[in-house]
Amino acid sequence: MNAIKLETHSYSLYYGKFRALEDISIEIPEKQVTAIIGPSGCGKSTFLRTFNRMNDLIPGVRTEGQALLDGEDIFSMDVVALRQRVGMVFQKPNPFPKSIYDNVAYGPRVNGIREKNVLDEIVETSLRGAALWNEVKDNLGKSGLALSGGQQQRLCIARALAVKPSVILMDEPAASLDPIATQRIEELIRQLVEHYTIVIVTHNMQQAGRVSDYTAFFFTDESRTGRLVEFNLTRKIFTNPQDKRTEDYITGRFG
Amino acid sequence: MNVPDITSTNAMNLAEKRSAADLRRRQAAQKLSFGLFWLGALVVILIMLVVVGYVFITGFKSINLQFLTTPPKGGLSGEGGISTTVITTLYLVGLILAISAPLGIGAAVFLIEYQGQTQSGGKFIRSLLQVVNFGVETLAGIPSIIFGLFGYALFVSTLKFGFSLLSAALAGACLVLPTIIRTTQEALLTVPVSLREGSLALGATRWQTISKVVLPAAIPGIITGIMLSVGRIISETAVFYVTLGGSYRLPKNLFSGGRTLSLHLFYLAMDTNAFEKAMGTGAVLIVSIILINLIIDLISRKLSAGVRLHQ
Amino acid sequence: MQTKLKVDKAVKAILLVSASFSILIVISIFVFIFRSSLPAFKEFGIQGLLGELTWRPANGMYGILAMVVGSVMVTLMALVLGVPLAIAAAIFLAEIAPRGVQAVVRPAVQLLAGIPSVVYGLFGMVVLVPLVRRIPVTGNSGYGLLSAAIVLAVMILPTITSISEDAIRAVPRSYKEASLALGATHLQTIFQVLLPAAKSGIGAALILGIGRALGETMAMIMVIGNSVILPAPLDNNPLTVFLSQARTLTGNIAVEINYASGLHASALFATGVVLFVLIMLVNVSARAIIHRGNPSAG
């Protein structure tokens, strides 16, 4: 097993009085794809957003327990520095209303890179890294919004790569894409995992089975509090789940 | 398709080093700027406090029962109180609303409720809607002195109503009409389509649906629009300056001139040396505006509470 | 059933008539003001009205150029003074202020918006003018461009603030999230993503603010001095131009219309036409600028 990249210990999260996540302990290995699956409303996305502290944006959110990146406490880190190390790709492709070039150069620029040649190189390598370069290299000045949905999502991945993160969080990155675009994203994920730790939330179990090395199954009951039921190698989760609820979910007995 | 390792090119490494060094500078910039933003907000509050505070402190000195209940007496020292100007203001508010509210609400109902009706009237209705919407937008952008000039040209001179309540009310009605149409339109738009469909499906005619279902549901929004208009009328001076004459006596009928509170303030400030009385009048004006704002706030709070209940 | 449908048709006709009123009013305003201004335009021509500096009705001189300059100058000065603060307040309300602080600042802005213009004018006369008069320059009466611009800046602030705030809040949340997730600071996110995306809304706020400034009448009459002169420095220091008195287009109309007749009245209507055209020009050119500066969003 690889080194541990991300981990939580007895981690809980509250929206005001409401407990959205309870007592989650998990160790996510480096340079592997870890899928988080579970029914909607079980707190998968909220949990994912713990690792780049996007939950900080929501007023009234409070956490208990520990969350670590490379063994360092995420909550005592500088949040901007944290987000440079932990990139994120969102459910709906969200390129800025800027050119393709400016989208990818956004991260390096806010980090203080001004030199044209350095930016050029970062833009090219990031777009290559996201397998988009060949499609857009002649149109870098075109608006990012003019691309197709799948291309937009790869642009968002390139944009994330350009700040040189070591972790990439993906929140249902193919949820709004057609099957062919989805397939390309999945292939890309498999290639990226050679160099990055990837955590992906998905409601699509086949997708989890195709792209991930490890799978975490989250579940909730009437309380709407999300809990981690089972975490293991994907192949074990899918062939030999230890928990009855995991088995029911995998075999489609829940919606 | 093979993705290269991009994690350790020279540019990427440079970027990483730079960003670490740059972080502190960026955060200092943020702290400094956010400090300035806080300062800006503080300045805005201070401006409000200074203006309102000054008017209140100097104005309340001259406000007493006598000031509120005796009519102005004219003269260079601005003798007397403000009673007739309060009453004239109320007359004008009543008259203007009597003209503009039915027209404005009717127009808004037409604009919203008949826009989907293309079968009867078809093209004509559609282009009319466009023209009317354009008209409302244009009206909203016209400065009030132009309404005054128009009122002067049409009502005061051409129709020979003279400087009178009637001329001022007609010009004022034109001024607030876009406000009433806009807010009513917004209020109607918040009424869910399902309510209308429910009523129509039960065999009600369009007008029955509008009068029994849609309008009652939109009433809080419409009242908000009317209160906004009341505020606008109370504050407005330019239109009435050129249509209402300026006599401080109580108007006897629609054709007599008069003086609203804000007009009175203007005359006191420009033609007399009674600055304290002008401030007193200003304080009365601000208090009425605060009351109107409170009513609007109350309505919109009730409104949003209702919306939350529905969801 | 028959009568029900008849009522329906009658009501529809009535509503149609009320809807037509607003367009009727717009047309009448145009017709009356343009028609009433025709004699002046015929007599002096556009050149004679807009190209002449001297406004002396008693001598039959009706140049309104000085008023155009007065209106434009005081508006520009008010923008310089008011816009930075207005937009800062909008950013503060939309992005920075905690809820409790918003609940204090927003009503303050709302109240500023509601204060009648005569009250601002009075405040300007009683408080600002004496302060400005203290600037030791010969011929400085306190009444003039500077006092008027300060009053006007406060008057347009709430309009610009509240519309800009709405525009910033209307930017999709996903832009903000994307920027923060890339390691941008909140400040960088505001200036590099939120404001560019809210550009057209903020532009609309500015247009409305300019319209309000150009159209303001009573407060300007009360503090700007109303002398029909081309604003000029009072002494060798060019900055003293801001202490110069002036008259606005709006003020010209309001001050004189009640006793004007004949060509004089017509020239005042022509002043109205010029004011109207000026506001239209601002609208059109501002829209063009906003659209040109926005190629990628198309």
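The values are calculated or read from the model by the stated rules, or taken from the named source; none is laboratory data. Since the structure is predicted, the reported quantities are computational estimates derived from the model, not experimental observations. Every residue, glycine among them, receives a Cβ derived from its backbone with ideal geometry; neighbour counts consider all protein chains shown. What goes into the accessible areas is simple: the full protein's heavy atoms, side chains included, and nothing from ligands, DNA or RNA. Shrake-Rupley method; radii C 1.70, N 1.55, O 1.52, S 1.80 Å.
Remarks
- Taking residues in the range A:187-213 that are within 16 Å of A:Gln32 (Cβ to Cβ), and partners anywhere that are open to solvent by 40 Å² or more (accessible area, probe 1.4 Å), the pairs with Cβ atoms closer than 6 Å and at least 6 places apart or on different chains are A:His195/B:Asp5; A:Thr197/A:Glu30; A:Thr197/A:Lys31; A:Gly209/A:Phe238.
- Residue satisfying all of: in the range C:105-114; within 7 Å of chain B (Cβ to nearest Cβ) and of a type outside the set (S, T, N, Q); surrounded by the most Cβ atoms within 10 Å (Cβ to Cβ) among these: C:Val109
Listed here are the residues, each with its yes/no results for (1) assigned to a helix (DSSP H, G or I); (2) facing chain C (nearest Cβ under 10 Å); (3) without any contact (Cβ under 8 Å) to a residue 40 or more places away in the chain.
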residue: B:Phe147; (1), (2), (3): yes, yes, no
residue: B:Gly151; (1), (2), (3): yes, yes, no
residue: B:Gly162; (1), (2), (3): no, no, no
residue: B:Thr184; (1), (2), (3): yes, no, no
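- Residue among B:Phe124, B:Phe134 that alone is out of contact with any helix residue (DSSP H, G or I) (no Cβ under 9 Å at 6 or more places or on another chain), of a type in the set (Phe, Trp, Tyr), within 29 Å of C:Lys12 (Cβ to Cβ) and open to solvent by 10 Å² or more (accessible area, probe 1.4 Å): B:Phe124
- Single match in A:Asp171, A:Asp120 (criterion: touching a residue at least 24 places away in the same chain (Cβ under 8 Å) and over 16 Å from C:Ala184 (Cα atoms)): A:Asp171
- Subset of the range A:108-117 that is under 25 Å from A:Lys137 (Cβ atoms) and part of a loop (DSSP other than H, G, I, E, B) - its residue that is most open to solvent (accessible area, probe 1.4 Å): A:Arg114
- Considered as a group, the residues in the range C:13-40 that are facing chain B (nearest Cβ under 7 Å) and over 18 Å from B:Glu137 (Cα atoms) include one that is farthest from the chain's Cα centre (by Cα), and that residue is C:Ile14.
- Residue among A:Ile189, A:Ile180 that is within 14 Å of another protein chain (Cβ to nearest Cβ), β-branched (Val, Ile, Thr) and surrounded by fewer than 18 Cβ atoms within 10 Å (Cβ to Cβ): A:Ile180
- Within the range C:235-290, the residues that satisfy the criterion of being away from chain B (no Cβ under 14 Å) and touching a residue at least 24 places away in the same chain (Cβ under 8 Å) are C:Asp235, C:Asn237, C:Thr240, C:Val241, C:Phe242, C:Leu243, C:Ser244, C:Gln245, C:Ala246, C:Leu263, C:Ile289, C:Ile290.
- Taking the range B:137-163 as the range and being surrounded by 22 or more Cβ atoms within 10 Å (Cβ to Cβ) and among the polar types (S, T, N, Q) as the test, only B:Ser144 passes.
- Odd one out for A:Gly65 among (1) in contact (Cβ under 8 Å) with a residue 40 or more places away in the chain; (2) open to solvent by 10 Å² or more (accessible area, probe 1.4 Å); (3) under 17 Å from A:Ser166 (Cβ atoms): (3)
- Filtering the range C:174-198 to residues that are part of a loop (DSSP other than H, G, I, E, B) and more than 7 Å from chain A (Cβ to nearest Cβ) leaves only C:Ala198.
- Each residue in the range C:254-298 was checked for being closer than 19 Å to C:Val26 by Cβ, aliphatic (A, V, I, L, M) and either open to solvent by 50 Å² or more (accessible area, probe 1.4 Å) or at pLDDT 95 or above (or both), and 7 pass.
- Options C:Ile156, C:Ile202, C:Ile160; residue that is under 15 Å from the mean Cα position of the chain (by Cα), open to solvent by 10 Å² or more (accessible area, probe 1.4 Å) and over 26 Å from B:Gln27 (Cα atoms): C:Ile202
- Residues that are crowded, with 20+ Cβ neighbours inside 10 Å and of a type outside the set (Ser, Thr, Tyr), drawn from the range C:69-84: C:Gly70, C:Met73, C:Val74, C:Ala78, C:Leu79, C:Gly82, C:Val83
- Checked against the criterion of being facing another protein chain (nearest Cβ under 7 Å) and either open to solvent by 30 Å² or more (accessible area, probe 1.4 Å) or modelled with pLDDT under 95 (or both), the candidates C:Val127, C:Val137 yield just one match: C:Val127.
- Among residues of the range A:53-107, those that are in a helix (DSSP H, G or I), among the hydroxyl-bearing types (Ser, Thr, Tyr) and at the interface with chain C (Cβ under 10 Å from one of its Cβ atoms), counted: 1
Residue by residue, here is whether (1) of a type in the set (A, V, I, L, M, F, W, C); (2) under 19 Å from A:Pro173 (Cα atoms); (3) without any contact (Cβ under 8 Å) to a residue 40 or more places away in the chain holds:
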| site | (1), (2), (3) |
| --- | --- |
| A:Leu6 | yes, no, no |
| A:Ile26 | yes, no, no |
| A:Ile37 | yes, yes, no |
| A:Cys42 | yes, yes, no |
| A:Pro59 | no, no, yes |
| A:Phe75 | yes, no, yes |
| A:Val80 | yes, no, yes |
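- In the range A:126-135 there is no residue that is within 14 Å of chain B (Cβ to nearest Cβ), in a loop (DSSP other than H, G, I, E, B), open to solvent by 20 Å² or more (accessible area, probe 1.4 Å) and within 18 Å of B:Thr9 (Cβ to Cβ).
- Index of the failed condition, B:Leu32 passing every other in (1) at pLDDT 80 or above; (2) part of a loop (DSSP other than H, G, I, E, B); (3) of a type in the set (A, V, I, L, M, F, W, C): (2)
- Selected residue (only one of B:Thr183, B:Thr190, B:Thr209, B:Thr224 is of a type in the set (Ser, Thr, Tyr) and touching a Lys or Arg at 6+ places or on another chain (Cβ under 6 Å)): B:Thr209
- From the options C:Arg173, C:Arg134, residue that is charged (D, E, K, R) and under 29 Å from B:Thr58 (Cα atoms): C:Arg134
- Helices (runs of 4 or more DSSP H) fully within the range C:48-163 that include at least 2 residues being among the charged types (D, E, K, R): C:99-114.
Results for (1) of a type in the set (Ser, Thr, Tyr); (2) open to solvent by 50 Å² or more (accessible area, probe 1.4 Å); (3) in contact with a Lys or Arg (Cβ under 9 Å, 6 or more places away or on another chain), shown as yes or no for each residue.
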{"residue": "A:Asn2", "(1), (2), (3)": "no, yes, yes"}
{"residue": "A:His9", "(1), (2), (3)": "no, yes, no"}
{"residue": "A:Tyr15", "(1), (2), (3)": "yes, yes, yes"}
{"residue": "A:Pro29", "(1), (2), (3)": "no, no, yes"}
{"residue": "A:Val33", "(1), (2), (3)": "no, no, yes"}
{"residue": "A:Cys42", "(1), (2), (3)": "no, no, yes"}
{"residue": "A:Met77", "(1), (2), (3)": "no, no, yes"}
{"residue": "A:Pro93", "(1), (2), (3)": "no, no, yes"}
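- Some residue of the range B:99-115 being in contact (Cβ under 8 Å) with a residue 60 or more places away in the chain and farther than 30 Å from B:Val193 by Cβ: yes
- Listed here are the helices (runs of 4 or more DSSP H) enclosed by the range B:192-284 that have at least 1 residues being open to solvent by less than 10 Å² (accessible area, probe 1.4 Å) and among the hydrophobic types (A, V, I, L, M, F, W, C): B:215-235, B:238-241, B:261-271.
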